[in-house]
Amino acid sequence: MSGHPLVIVYPPSSSGGRRVTVRGQIVGTALGRGDVAAFLRRAGFAEGVEEIDLDQPELIEWRGGDLDTWR
């Protein structure tokens, strides 16, 4: 890894949700933790129902709040 997180969760928008990018590509807008986990599963970070630790600064950068900030 180049020292930059592979996943960026952007600040909450005024209309709700947070844009998520994986490896620089927009993968969608998350309305909660479950959406972020689903995006990561689709991107190959975990298999099936395997739990994903969303509090890994080396993997995910939470901008404009942490994983509990959605508004």
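Per the conditions (1) open to solvent by less than 30 Å² (accessible area, probe 1.4 Å); (2) of a type outside the set (S, T, Y); (3) on the phi < 0 side of the Ramachandran plot, the sole criterion not satisfied by R41 is (1). Put simply, of A30, A37, A43 the only residue that is more than 13 Å from V9 (Cα to Cα) and of a type in the set (A, V, I, L, M) is A43. From R33, R71, grab the single residue that is of a type in the set (K, R), within 9 Å of the chain's Cα centre (by Cα), at negative phi and surrounded by fewer than 17 Cβ atoms within 10 Å (Cβ to Cβ). The conditions single out R33.
Just to verify a result, which residue in the range 44-65, among those that are acidic (D, E) and open to solvent by 80 Å² or more (accessible area, probe 1.4 Å), is nearest to V7 (Cα to Cα)? Only one residue tops the list, namely E58.
Within the range 21-30, the set of residues being surrounded by 15 or more Cβ atoms within 10 Å (Cβ to Cβ), closer than 17 Å to H4 by Cβ and polar (S, T, N, Q) comprises T21 only. Residue pairs whose Cβ atoms lie under 6 Å apart, sitting 6 or more positions apart in sequence or on different chains, and linking a residue in the range 1-20 that is at positive phi and open to solvent by less than 30 Å² (accessible area, probe 1.4 Å) to a partner that is modelled with pLDDT of 90 or more and polar (S, T, N, Q), are G17/T29.
The values are calculated or read from the model by the stated rules, or taken from the named source; none is laboratory data. None of the values given here were measured: they were computed from a predicted structure. When we count neighbours, we look across all protein chains shown, and the Cβ atoms used for this are built from the backbone with ideal geometry, even at glycine. Areas reflect the complete protein model, heavy atoms only, side chains present, ligands, DNA and RNA absent. Shrake-Rupley method; radii C 1.70, N 1.55, O 1.52, S 1.80 Å.
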